[in-house]
1. Can you tell me how many residues within the range 208-245 are in a loop (DSSP other than H, G, I, E, B), in contact (Cβ under 8 Å) with a residue 40 or more places away in the chain and acidic (Asp, Glu)?
2. When you go through (1) under 30 Å from residue 347 (Cα atoms); (2) at pLDDT below 95 one by one for residue 243, which number turns out not to apply?
3. Within the range 1-24, does at least one residue satisfy the condition of being free of Cβ contacts under 8 Å to residues at least 40 places away in the same chain, surrounded by 14 or more Cβ atoms within 10 Å (Cβ to Cβ), closer than 24 Å to residue 389 by Cα and basic (Lys, Arg)?
4. Answer with yes or no whether residue 388 is outside any loop (DSSP other than H, G, I, E, B), under 23 Å from the mean Cα position of the chain (by Cα), of a type in the set (Lys, Arg) and surrounded by 15 or more Cβ atoms within 10 Å (Cβ to Cβ).
5. Could you tell me which numbered condition residue 342 fails, if it satisfies all but one of (1) touching a helix residue (DSSP H, G or I) at 6+ places or on another chain (Cβ under 8 Å); (2) in a helix (DSSP H, G or I)?
6. Identify all residues within the range 150-170 that are crowded, with 21+ Cβ neighbours inside 10 Å and over 15 Å from residue 64 (Cα atoms); write none if there are none.
7. Are any residues in the range 284-305 part of a loop (DSSP other than H, G, I, E, B) and either touching a residue at least 60 places away in the same chain (Cβ under 8 Å) or not assigned by TED's automatic domain parsing to the domain that holds residue 326 (or both), and if so, which ones?
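The values are calculated or read from the model by the stated rules, or taken from the named source; none is laboratory data. Everything numeric here is computed off the predicted structure, so don't read it as measured data. We place every Cβ from the backbone using ideal geometry, glycine too, and count neighbours over all the protein chains shown.
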Amino acid sequence: MFNIKEVLEKNGHTVVPFSIKNQNNLSSEYEKYFIKPVSKAEAVYFSEYNKSNIITAFRSFLRMFYSFEAKRKLNQLIRVVKPDIIYVLHYQNKISASIFDAAKKSKIPVVHRISDFGLICSNALFYRPIQKDICERCLNGSRMNAVVNKCVHDSRVYSFIKAASLKFQQTLKIREKIQFFVVPSLFTIEKLKIYGLPASKVAHIPTFFNFQSISEAPEISYEPFALYIGRIEPEKGLRTMVKAFEGTGFNLKIIGFSASGFDDELKNYLKNKNENIEFLGRKSFNEIQDYLRKCAFTIVPSEWYDNFPNTILESYAFRKCVIATNIGSLKEMILNGETGLLFKIKDYGDLREKITYLFNNSDECRRLGSNAFARLSTEYSEKEHYTKLMKIFSSVIEAYHTRNISLQPT
C-alpha cells in the first residue's frame with residue numbers, strides 16, 4: 001500500500017487512504033474516517049484477539065459478512081474527497097464487502113487487487129492446515145469442504161462462519177460491483193477464471209520493487225549462510241527446509257514471526273541437534289537489508305500457492321538468487337537455472353541438493369544473482385507497474401462514466 005501510494009503521489013496523483021484505526025498506524029489527516037478495530041487497538045492477527053470478549057467476537061463475525069460502519073465511514077470520506085476511482089487492496093475479515101455498496105451508491109468505479117485466494121477459499125490459501133496439503137476442493141465444489149476439513153483456525157464453527165460469509169458475498173454479487181481486477185500472478189489468474197471471473201475484467205500486473213526502500217547503496221557480499229524471510233507457519237515449508245539443512249553443516253538464518261507458536265515447535269525439534277540454524281525473530285525491512293546484503297542466497301520453501309511473495313523481489317534487489325518450490329507463482333518468478341533454482345515440493349532431499357550446489361559454487365550464486373537483479377529492473381520495475389496500472393485506471397473510469405451516462409433517463 002505504501003509503495004503504490006508513494007509512486008502515485010510522485011506522479012502527481014492524490015491518494016486518500018481508508019483503513020482501520022490502529023495505534024501503530026502512520027498518522028493520516030483522514031484517520032477520523034477509519035473504522036474501529038475488530039479487537040484491541042494494537043491487534044492485527046486473529047490470534048491476538050480477545051475471543052472471550054462478546055463485542056470482539058460479534059464484531060469479528062460481522063466484519064466477515066457486512067459492516068455498516070465501514071459503509072457509512074467510506075460514504076462520508078467519498079463525499080469529502082470526491083475520488084475518481086477506488087483501489088481496493090484488501091477487505092476480507094477486517095473491513096468487509098460493504099465498501100463496494102458505498103462505492104456503487106456514490107457512482108465511483110472500483111479496481112480490486114487480488115493478493116490471495118480469499119474470494120474462493122475460506123482460509124485464502126488453498127491449503128488444508130490439518131492434512132498440510134494443497135487443496136482446491138472449494139474451487140470446484142461446495143464451500144462446506146472448508147467445514148469438513150476445519151480449514152479456518154482448526155474449527156468447524158469458524159470454518160462454517162467464513163464459508164457462509166463468502167456465500168453471502170456471492171449473494172450480494174460482489175464480483176459484479178467491482179469493475180476490474182488486478183492480479184500479480186498468472187497462476188492466480190487461471191484459478192480466478194475457473195472460479196468464474198471473466199478474462200475481460202482481469203489484468204496481470206506483477207508487484208514492483210521500490211528501490212527507494214533501500215536505506216543506502218548496498219555493498220553486496222556472499223557470506224556462507226542462506227536466508228529465509230517470512231511467516232513461520234507450516235504452509236511456508238519450514239519443516240522441509242530445516243530437514244534439508246540437517247547434518248550438512250551449512251548455515252541458515254530465519255527471519256520472521258509465528259502467530260501460532262510454530263516457531264517454538266521448530267526450535268524444540270532442533271533443541272538436541274547440533275545444527276547451524278538461527279532464529280532471528282521479527283525484524284523491520286531496514287534490519288533485514290543487512291542480512292540480504294550478506295547472504296549467499298535465499299530460500300522460499302512454500303507448500304501452498306504462495307501468491308507472488310515480496311521476499312523474492314527483495315532478494316533480487318540485493319543480487320541474490322532464490323531456491324524455491326516448483327509450484328504456483330514461484331515458477332513464474334524464478335527462472336530455473338537463470339535467476340535461481342526450483343525443487344520438488346516437500347522433497348527435502350532435492351532441496352538439500354540445491355543448497356549444497358550453491359554453497360559449493362559461489363560463482364554460480366553470483367551469476368544467478370546478477371540475472372535476478374537484471375530481471376527485477378525490467379519486468380518488476382516501478383515504471384512498468386505504474387504505466388500498466390494507470391492504463392487500467394483510465395479505461396475503467398472512462399468506461400464506467402460512459403455507461404452511467406447512457407443509463408440516465410432522457
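1. Of the residues in the range 208-245, 2 are in a loop (DSSP other than H, G, I, E, B), in contact (Cβ under 8 Å) with a residue 40 or more places away in the chain and acidic (Asp, Glu).
2. Only one criterion is unmet by residue 243, namely (2).
3. Yes, there is a match, as at least one residue in the range 1-24 is free of Cβ contacts under 8 Å to residues at least 40 places away in the same chain, surrounded by 14 or more Cβ atoms within 10 Å (Cβ to Cβ), closer than 24 Å to residue 389 by Cα and basic (Lys, Arg).
4. yes
5. Against the list (1) touching a helix residue (DSSP H, G or I) at 6+ places or on another chain (Cβ under 8 Å); (2) in a helix (DSSP H, G or I), residue 342 comes up short only on (2).
6. The one that is crowded, with 21+ Cβ neighbours inside 10 Å and over 15 Å from residue 64 (Cα atoms): 151.
7. Correct list: 295, 296, 301, 302, 303, 304, 305.
Conditions (1) modelled with pLDDT of 95 or more; (2) within 23 Å of residue 183 (Cα to Cα); (3) crowded, with 22+ Cβ neighbours inside 10 Å, marked per residue:
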{"site": "311", "(1), (2), (3)": "yes, yes, no"}
{"site": "325", "(1), (2), (3)": "yes, yes, yes"}
{"site": "338", "(1), (2), (3)": "yes, no, no"}
{"site": "341", "(1), (2), (3)": "yes, no, yes"}
{"site": "367", "(1), (2), (3)": "yes, no, no"}
